[in-house]
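*Asks:* First the structure, which I've put down as structure tokens, then a few questions once you've had a look.
The values are calculated or read from the model by the stated rules, or taken from the named source; none is laboratory data. Computed from a predicted structure; not experimentally measured. Note that we place each Cβ from the backbone using ideal geometry, even for glycine, and neighbour counts take in every protein chain shown.
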Amino acid sequence: MTFTGHHAPAPGGSPLVASALTKVYGSAQTATHALAGVSLTVHPGESLAIMGPSGSGKTTLLHVLAGIVTPTSGTVSWRGEDVTTLSEARRTVLRRQDFGFVFQSGQLLPELPAVENAALPLMLAGTARAEATAVAARWLAHLGLAGMEQRRPGELSGGQAQRVAIARALVGSPGVVFADEPTGALDQATGAEVLDVLTRATRDSGAALVVVTHDAGVARHCSRTVTMRDGRISGEFFAPGAQPASGAPQAEASQAAASAAVARPVPPAPAPPAPPAHDAATQQAMAAHPAAGYVPTHPTAADQESAR
Ligand SMILES: Nc1ncnc2c1ncn2[C@@H]1O[C@H](COP(=O)(O)OP(=O)(O)O)[C@@H](O)[C@H]1O
Ligand SMILES: [Mg+2]
């Protein structure tokens, strides 16, 4: 099974390619290196989980990838443009037209019914109200919310509200959906359900998904997981059956290693490879899916440097 066969890319899909990203907050004395050299390619239609301890730079990376935050150095290329150098006006349009967003909670407008909350991106983009709400209603039904179109957020459970947020992220047919801990405010069972809905619906739409999560079970839902530590990518692994997209730019050294790793014949009942002791987040994520193909990376400045 090929990667692209399992995760059909959007027609004309292009990768989102981040190169050598750094983000420094504060001045010399108080500097925080939120990103310390991250290169990452998000392939069309893939689902990518980003895991790692609090403060490791996950949200910063998501925001830089999505054009919300400008990096200190490095580039993010999307459909022939460097997102990091676009004007704020152009970035706003890009975020609205090409990207969808799901946050932890509290992102719905309390006074609007579910269908209008979901239709909002289309209406902001100038689609007529009747058409926008019709598209939104189809997505709500697809996500199991038929009959709840007129409920306001206060009349929905946490899981239902996140489904509305997912519908809203998808109505505009984005190229990439970004989700930052979308199940963080939910109990575990509801969170697993929402993650399942998010990954399946995003795949149905043809969009790529980048999801930041603490849920170690995420490997069951995503085709690839990268772990972060101290502003760097510390590990990467692929779900069984998912393979790195071929012919894509090999922006990071780990990509090449990944291709080699998954191309190797897999022996029957393989023992899970032992992750290095230094990366607890990777160990935790791998424990949720022992059959995944682990690709260690080396989060030292020298390795980051030689990867270019
Ligand atoms: N706006 C900001 N100003 C200053 N420091 C920030 C800001 N945003 C994030 N940081 C710092 O950057 C580091 C990475 O943060 P973040 O990307 O939010 O990590 P995560 O999402 O993995 O918890 C942390 O040390 C955090 O305190
Ligand atoms: Mg965060």
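*Asks:* Suppose we keep only residues that are within 11 Å of ligand 2 (Cβ to nearest atom) and assigned to a loop (DSSP other than H, G, I, E, B) within region 42-64. Which one would you say is surrounded by the most Cβ atoms within 10 Å (Cβ to Cβ)?
*Replies:* Taking the candidates together, the pick is 52.
*Asks:* Another one. Only residues that are at pLDDT below 90, surrounded by fewer than 21 Cβ atoms within 10 Å (Cβ to Cβ) and more than 24 Å from residue 145 (Cβ to Cβ): list them for region 189-241, please.
*Replies:* Selection gives 214, 216, 240, 241.
*Asks:* Counting just the residues of region 65-76 that are β-branched (Val, Ile, Thr) and in a strand (DSSP E or B), which one comes out nearest to ligand 2 (Cβ to nearest atom)?
*Replies:* 76
*Asks:* Same structure, new question: Kindly check whether there is at least one residue in region 109-117 that is assigned to a helix (DSSP H, G or I) and in contact with a strand residue (DSSP E or B) (Cβ under 9 Å, 6 or more places away or on another chain).
*Replies:* no
*Asks:* Okay, next question. Return the pairs, sorted by first residue and then second, in which the second residue is part of a helix (DSSP H, G or I) and of a type in the set (D, E, K, R), the first residue lies in region 187-215 and is more than 12 Å from residue 163 (Cα to Cα), the beta carbons are less than 6 Å apart, and the residues are 6+ apart or on different chains.
*Replies:* Cβ pairs passing all conditions: 212/58.
*Asks:* Further, regarding this structure: Only one residue in 151, 91 is more than 17 Å from the chain's Cα centre (by Cα) and part of a loop (DSSP other than H, G, I, E, B), so which one is that?
*Replies:* 151
*Asks:* Can you tell me which residues in region 66-85 are away from ligand 1 (no atom under 12 Å from the Cβ) and among the aliphatic types (A, V, I, L, M)?
*Replies:* 66, 76, 83
*Asks:* Scan region 137-148 for residues that are within 22 Å of the chain's Cα centre (by Cα) and outside any loop (DSSP other than H, G, I, E, B) and jot them down.
*Replies:* Passing the criteria: 139, 140, 142.
*Asks:* Right, next: Need at least 1 residues that are within 16 Å of ligand 1 (Cβ to nearest atom) and more than 28 Å from residue 94 (Cβ to Cβ) per element, so show me which strands (runs of 3 or more DSSP E) inside region 162-236 make the cut, counting only ones lying wholly within it.
*Replies:* Result: 224-229.
*Asks:* Looking at (1) in contact with a Pro (Cβ under 9 Å, 6 or more places away or on another chain); (2) under 20 Å from residue 62 (Cβ atoms), find the lone condition where residue 152 falls short.
*Replies:* (2)
*Asks:* Take the residues of region 118-134 that are small (Gly, Ala, Ser) and part of a loop (DSSP other than H, G, I, E, B): which is farthest from residue 16 (Cα to Cα)?
*Replies:* 128
*Asks:* What number of residues within region 75-114 satisfy the criterion of being in contact with a Leu (Cβ under 7 Å, 6 or more places away or on another chain) and among the charged types (D, E, K, R)?
*Replies:* Adding up the residues that qualify gives 1.
*Asks:* Filter region 53-65 for residues that are out of contact with any Pro (no Cβ under 6 Å at 6 or more places or on another chain) and more than 6 Å from ligand 1 (Cβ to nearest atom) and give the result.
*Replies:* Those that are out of contact with any Pro (no Cβ under 6 Å at 6 or more places or on another chain) and more than 6 Å from ligand 1 (Cβ to nearest atom): 53, 61, 62, 63, 65.
*Asks:* Six or more apart or on different chains, Cβ under 8 Å: which pairs go from a residue in region 116-132 that's within 16 Å of residue 95 (Cβ to Cβ) to one that's of a type in the set (A, V, I, L, M) and not in a helix (DSSP H, G or I)? Could you list them?
*Replies:* Matching pairs, first to second residue: 120/109; 120/112; 121/171; 122/171.
*Asks:* Would you mind stating whether residue 163 is touching a residue at least 12 places away in the same chain (Cβ under 8 Å) and surrounded by 24 or more Cβ atoms within 10 Å (Cβ to Cβ)?
*Replies:* Judged against the criteria, residue 163 is a match.
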